[in-house]
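Visitor: Pasting in a structure now, in structure tokens, and then I'll have a few things to ask.
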Amino acid sequence: MSVQSADRLFAYNMWAWNRVFPSLAALPEEEYFAERPFFWHSLHGLAVHGFSSERNWLLRSRDGSSPQPATVAEFPTLGALHSSWGPLWVAWQEFLDSLTPSLLANPIQYRSDAGEEVGILLDDVLRHVMNHGTEHRSQMTPVLAQLGHPTEPLDFSYFTITEK
């Protein structure tokens, strides 16, 4: 991946999340927090997991930190979670602005949540983070549509059309 491609994928990731937030915010709290057949238990849990993953991968990528996953207790409301995402994206953009092609080929070393030492290429981390967000938005959007709050289209092609 090129540095420019990484930057573009993260712009898409931010654009797509920003198209999901209004639909989440339109839900009554009981629907937003309702237990669902997700690994992360609710739309809120899934959103917190999305944020946590983006935060933790940034910290791992910058300095090899091994942060703990965020919990729903840290973010008791969608508003608290949403307001934390903006500064995270600023930090991601600063990190992306510092990248060079040679850094993309470097492995990052970190301790996994299971305590294992892991190495992964930074290029692969960046691909994973974007793909991870897409996966979890894709889990949310049918539920939001069923609850009467569909998102705007999230396909990458719509991003390329709307950014012009």
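Visitor: Once both axes come from the Cα atoms, what is the angle between helix 122-146 and the longest principal axis of the chain, in degrees from 0 to 90, rounded to 10?
Guide: It is inclined by approximately 0 degrees.
Visitor: Give the order of THR134, THR162 when sorted by the count of other beta carbons within 10 angstrom, beginning with the fewest.
Guide: THR162, THR134
Visitor: Report ³J(HN,Hα) in whole Hz for each residue of the range 52-65, in order, from the Karplus equation J = 6.51 cos²θ - 1.76 cosθ + 1.60 where θ = phi - 60°; Gly and Pro get x.
Guide: For the range 52-65, the Karplus-derived couplings read 4, 5, 4, 5, 5, 5, 5, 5, 4, 5, 6, 9, x, 4 Hz, x marking Gly and Pro.
Visitor: For helix 78-97, report the angle its Cα long axis makes with the longest principal axis of the Cα atoms of the chain; keep it between 0 and 90° and round to the nearest 10°.
Guide: Once rounded, one gets 20 degrees.
Visitor: Shifting gears a bit: Taking 8 Å as the Cα distance limit and 6 or more residues as the minimum spacing, I'd like the relative contact order of the chain as a percentage.
Guide: Relative contact order of the chain: 32 percent.
Visitor: Residues with beta-carbon under 13 Å from that of MET1, excluding MET1: net charge, scoring Lys, Arg +1 and Asp, Glu -1?
Guide: -1
Visitor: Lys and Arg at +1, Asp and Glu at -1: add these up for the other residues within a Cβ distance under 13 Å of LEU104 and post the number.
Guide: Within the 13 Å Cβ shell, the charges total -2.
Visitor: Using r as the Cβ-Cβ distance of GLN109 and THR71, and R0 as 30 Å, what FRET efficiency do you calculate, to the nearest 0.05?
Guide: With a Förster radius of 30 Å, E is 0.75.
Visitor: To continue, here is another question. How much length is gained if the chain between PHE21 and ARG127 is pulled fully straight, taking 0.36 nm per residue apart and subtracting their Cα-Cα distance, in nm to one decimal?
Guide: 35.9 nm
Visitor: So, counting K/R as plus one and D/E as minus one, what does the shell of residues with Cβ under 12 Å around ARG55 add up to?
Guide: Net charge in that neighbourhood comes out at 0.
Visitor: If you don't mind, there's one more thing I want to ask. What residues have an amide H closer than 5 Å to that of ILE108, excluding those fewer than 5 places away on the same chain, when H is modeled at 1.01 Å from N in the peptide plane?
Guide: Here the answer is ILE120, LEU121, LEU122, since their amide H atoms fall under 5 Å of that of ILE108.
Bear in mind these aren't lab numbers, they're just calculated from the coordinates by the rules spelled out. On a predicted model such as this, the values are computed, not experimentally measured, just so you know. With ideal geometry, Cβ positions are generated from the backbone for all residues, glycine too; neighbour counts draw on all protein chains shown.
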